[in-house]
Amino acid sequence: MSVQLIQQGIAAIQVGNIQQGDQLLRTGLSSADVPGNIRAIGYMWLAETNPHLEFKIQCYQAATNADPTNMDIKNRLNALIASQLPPIPKAPQPPIPMPQPPMQPPSNLPQTGSLPGTGPLSFPQNVPQMWEFGIRGGPNGIGTAFLIVRDGLLATNRFMVGNVTNVTLIARDGRELEATVVRSYPQYDLAFLRTKLSVPYLRDWTPSNQVAADTILVADDYTEQTIKARCSSTNRRIAAG
């Protein structure tokens, strides 16, 4: 019955009955017995019932939680998150138009398409991943900060921020956002930054709490350049705490 309500809600939205579709989708999604892939599609259509960006992001985050393997949902959520950043600086040449992938719902649900009054349900596919950012405004030139918590906490070297309390972060596509230095540890050359940005998922980091000697390390900065190095052995121990 819950799946049928979701189907009816999508059908109502497709013919322009946004309010009725919203009610049917919410009722169907409130049931715990809806399969994850269908629940995710329901949340994606629910996002089309409200024009507010925060509501759409919440719906897509719920869709990601319901079906974490659906990369189409993650691409759409990345596009919504990226839209919160300032406009991309003008380039000498216009950017190449990005393809718009169609949404592929389960075969037993109505197909997606343009919704009356809400615009097409599609986003660019190759949205820049929000994992590494350049740092500008510190005392020692430009460096890189790495996102370590989904709701906007980044790590960098204490050297890069010095004694300042605010810095500017630069995304890979050139857009900028402000960050606040919330904690620093000069003895470890470590600092943490906080922004209002949030992302649906992070990179996979090594589960080991200690890097073995001679391990090959790869440094990836915000310009997408990589540097390879080898971890040297040390007898120095960092005190607990």
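The values are calculated or read from the model by the stated rules, or taken from the named source; none is laboratory data. Model, not experiment: these values are computed from the prediction. Cβ atoms come from the backbone with ideal geometry, glycine included; neighbour counts cover every protein chain shown.
Can you find a residue that is in the same structural domain as Gly152 (by TED's automatic domain parsing), loosely packed, with under 10 Cβ neighbours inside 10 Å, more than 22 Å from the chain's Cα centre (by Cα) and at pLDDT below 70 anywhere in the stretch 181-188?
The answer is no, given that none of the residues of the stretch 181-188 is in the same structural domain as Gly152 (by TED's automatic domain parsing), loosely packed, with under 10 Cβ neighbours inside 10 Å, more than 22 Å from the chain's Cα centre (by Cα) and at pLDDT below 70.
Report every pair of residues separated by at least 6 positions or lying on different chains whose Cβ atoms are under 6 Å apart, first residue within the stretch 147-173 and under 18 Å from Lys74 (Cβ atoms) and free of Cβ contacts under 8 Å to residues at least 60 places away in the same chain, second surrounded by 23 or more Cβ atoms within 10 Å (Cβ to Cβ) and among the aliphatic types (A, V, I, L, M).
Leu147/Leu154
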